[in-house]
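Participant: Below is the structure I would like to discuss, written out as structure tokens.
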Amino acid sequence: MTPANRNYKQYIRKVHRYLGVILGIQFLLWVTGGIYFSWSDIDEIHGDHLIKQQKAFPADISLVSPEVVIQNLKNELKIDSIIGIKLISILQKPVYQLDYYSAKQEKVLLAEAQSGKRRPAVSKQEAQDIAAAYFKPQASISKVEYLESAGSHHEYRENPLPAWAVSFDYPGKPTLYIAAQQGSFQKIRHRDWRVFDFLWMFHTMDYQKRDNFGNLLLRTFSVFA
């Protein structure tokens with residue numbers, strides 16, 4: 001065997017060892033995540049057990065027509081087109097949530113469903129009251145934060161902003177997110193979900209947004225594996 005061939009084989013063995021270590025670490029992360037996922041109740045991960053079911057409106061409730069709301073708003077705002085209108089509850093009061101386009105921008109606003117008058121976005125106190133109404137356990141609020149942005153790794157990523165983040169003094173450090181302009185509860189995040197999300201990032205190998213299961217890095221590792 002020539003020295004060149006010997007050096008080449010040593011190089012190949014060294015590359016193989018390093019690849020084995022790198023792939024071995026990733027395999028361990030995949031297995032760890034898989035064990036956690038398979039032994040977890042997805043409803044508990046989502047925090048469903050911490051959320052209280054809300055009461056529906058009675059069928060005989062008196063509401064103004066959505067057309068009245070739209071006409072009232074057109075007197076105040078420039079509305080190019082309507083995307084949708086939905087009846088929601090804000091602290092047991094009926095409210096219309098109107099999605100529309102104005103100057104080619106998608107916007108949302110709220111109007112009282114019993115009077116047709118426009119109402120402001122959810123305030124800090126209202127956000128606390130909404131969160132307390134949704135949170136099932138008896139616990140005090142520990143912190144309230146107003147979010148105007150959320151990065152790709154934030155637990156409230158890709159959800160409506162601005163939003164109120166209402167945290168409770170309760171095991172698992174749960175936080176309920178209330179979209180200010182939409183006037184509605186959006187998500188609950190707690191320790192089990194955060195662990196799930198962290199392991200999911202390693203599982204998908206998407207270190208940018210965590211949710212792309214077909215990214216180049218994952219495909220590359222699958223080929224080398």
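Participant: Going through the cross-link list 143/209; 74/104; 52/117; 86/117; 93/187, which pairs have a Cα-Cα distance over 24 Å in this structure? Show your work: numbers first, answer last.
Facilitator: Numbers: 143/209 26 Å; 74/104 16 Å; 52/117 29 Å; 86/117 15 Å; 93/187 21 Å.
Table pairs above 24 Å Cα-Cα are 143/209; 52/117.
Participant: Provide 219, 157 ordered by accessible surface of protein heavy atoms (probe 1.4 Å), highest first. Walk me through the numbers before you get to the answer.
Facilitator: Details: 219 150, 157 25 Å².
Result of the area sort, largest leading: 219, 157.
Participant: For the chain, report the translational diffusion coefficient in µm²/s to the nearest whole number, using Stokes-Einstein at 37 °C, 0.692 mPa s, and a Kirkwood Rh over Cα pairs.
Facilitator: Details: Rh = 21.3 Å.
The estimated diffusion coefficient comes to 154 µm²/s.
Participant: For the chain, with all protein chains present and a 1.4 Å probe, just round the carbon and sulfur fraction of the accessible area to a whole percent. Don't skip to the answer; put the middle values down first.
Facilitator: Values: 7700 of 14050 Å².
Of the solvent-accessible surface of the chain, carbon and sulfur hold 55 percent.
Participant: State the answer as a single residue: which of 70, 144, 133 lies farthest towards the positive end of the charge dipole of region 61-179, with beta carbon charges of +1 for Lys and Arg and -1 for Asp and Glu, about the Cα centre.
Facilitator: So the residue furthest toward the plus end is 70.
Participant: Same structure, new question: Ignoring everything but the protein chains, give the 1.4 Å probe accessible area of residue 170 in square angstrom, nearest 10.
Facilitator: In the full protein context, residue 170 sits at about 80 Å².
Participant: Once label points are set 7 Å from the Cα along Cα→Cβ at both residue 133 and residue 82, what is their separation, rounded to one decimal in nm?
Facilitator: 2.4 nm
Participant: Let me ask you something else. Enter the accessible area of residue 153 (Å², nearest 10), with the probe set to 1.4 Å and all protein chains included.
Facilitator: Around 80 Å² of this residue is reachable by solvent.
Participant: Tell me the relative contact order for the chain as a rounded percent, counting alpha carbon contacts under 8 Å between residues six or more apart. Can you show the working numbers first?
Facilitator: Details: 323 pairs, mean separation 38.3, N = 225.
Result for the chain is 17 percent.
Participant: Ordering 39, 164 from largest to smallest accessible area (1.4 angstrom probe), what's the sequence? Could the numbers behind the result be given before it?
Facilitator: Values: 39 215, 164 35 Å².
Highest to lowest solvent-accessible surface, that is 39, 164.
Participant: Test of understanding: extend the Cα→C-beta vector of residue 60 to 7 Å, then name every residue of region 111-133 with backbone N under 20 Å from that spot.
Facilitator: Under 20 Å, as judged by backbone N against the label point of residue 60, lie 114-115 of region 111-133.
Participant: Take the Cβ-Cβ distance between residue 153 and residue 114 as r, set R0 to 30 Å, and report the resulting FRET efficiency rounded to the nearest 0.05.
Facilitator: Approximately 0.10, to the nearest 0.05.
Participant: Could you list the residues of region 169-206 with an amide nitrogen less than 18 Å from a label point located 7 Å from the Cα of residue 145 in the Cα-to-C-beta direction?
Facilitator: 169-180, 186-198
Participant: Taking a 1.4 Å probe, which of 166, 108, 195 shows the most accessible area, and what order do the others take after it? Please report the intermediate quantities before stating the final value.
Facilitator: Values: 166 0, 108 25, 195 60 Å².
Largest accessible area first, the list is 195, 108, 166.
The values are calculated or read from the model by the stated rules, or taken from the named source; none is laboratory data. The structure displayed is predicted, hence computed values, not measured ones. Here the Cβ is made from the backbone with ideal geometry for all residues, glycine too, and neighbour counts use every protein chain on show. The accessibility values were calculated without ligands, DNA or RNA, using every heavy atom of the protein model including side chains. Shrake-Rupley method; radii C 1.70, N 1.55, O 1.52, S 1.80 Å.
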